[in-house]
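Data block below; observations after.
The values are calculated or read from the model by the stated rules, or taken from the named source; none is laboratory data. Bear in mind the structure is a predicted one, so any value in this text is a computation, not a measurement. Using ideal geometry, Cβ is built from the backbone for each residue, glycine included, and neighbour counts are taken over all protein chains shown.
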Amino acid sequence: MHRKFLSLMFLVIMSVMLTGLSPLYAQRSKRMRIAVLELTPLKVRPELATGVTDLLITELVNCGEFDVLERTQVAQILNEQGFQQMGVTDASAAVEAGRMLNTDIVMIGTLQQFDQSLVINVRLVEVSTAKILFADREVADNNDKLIDASSLLIDSITARVTGKPVVRKKPQRATRQTQTKVPDDQLPVRVFHANRSQSSGSGQNDKRDDKEESESPESGTRKRAREGFDELDRETR
């Protein structure tokens, strides 16, 4: 009896330890619902922070591991409740927003500029416990690198939440078909031969036309008129 009790306790302890060490995503039977609040701009334009927020949402959707709320939907719900989402940097405000949005996780963060570099700082807050599950950042050398930085950041966060690396499929680019130039000596040559019968017939037709023109009534009239004028001229002299 005592041995059975100890064996049962050992199994319970091991199951608890394994559950505690397993990834957060593995503890749930369905995908977690996540909302991304507007990043707080620090020394950058608010429009740039909004654009990076959209990039993060897009990358979360593309990874396929979360149920992501659209930014417009988040803004509409929070605006109806009178909640200002931009500037949220603490866990308590994130939990309040998460309850309004009915989500499991809320992502908050900042976009800050250091010299020419831009740093994306994000934190994942669990709504049920108000705990910060993960915090991560990614650095972009300039504005053009923000897309790559957002992708790398979401890959890192997804791997930590799910416990498995993210494998992205490379987009297939459309290949342009190039026409190969054919050498001049290999180009097809077409030879046109004139039809002799048609050529001879054409010459005869030309002669016939000249003859008809010379024998036309209009030509005879002109000739007789010219002879009359010449005869009149001789008489007057």
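Laid out as a table, the results:
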{"item": "Candidate set from region 44-96 (those that are in a loop (DSSP other than H, G, I, E, B) and among the aliphatic types (A, V, I, L, M)); member that is nearest to ILE120 (Cα to Cα)", "result": "VAL44"}
{"item": "Members of region 40-80 found to be surrounded by fewer than 13 Cβ atoms within 10 Å (Cβ to Cβ) and either more than 23 Å from LEU146 (Cα to Cα) or in contact with a Leu (Cβ under 7 Å, 6 or more places away or on another chain) (or both), listed by number", "result": "GLN73, GLN76, ASN79, GLU80"}
{"item": "Any chance ALA35 is at pLDDT 90 or above, touching a Gly at 6+ places or on another chain (Cβ under 7 Å) and surrounded by 13 or more Cβ atoms within 10 Å (Cβ to Cβ)", "result": "yes"}
{"item": "Close pairs from region 99-117: first more than 11 Å from LEU37 (Cβ to Cβ), partner among the acidic types (Asp, Glu) and not in a strand (DSSP E or B), Cβ under 6 Å, at least 6 apart", "result": "SER117/ASP141"}
{"item": "Only listed residue being of a type in the set (Ser, Thr, Tyr), at pLDDT 95 or above and either surrounded by fewer than 21 Cβ atoms within 10 Å (Cβ to Cβ) or under 20 Å from the mean Cα position of the chain (by Cα) (or both), chosen from SER92, SER150", "result": "SER150"}
{"item": "Given (1) surrounded by 18 or more Cβ atoms within 10 Å (Cβ to Cβ); (2) of a type outside the set (Gly, Ala, Ser); (3) outside any strand (DSSP E or B), index of the condition ARG99 fails", "result": "(1)"}
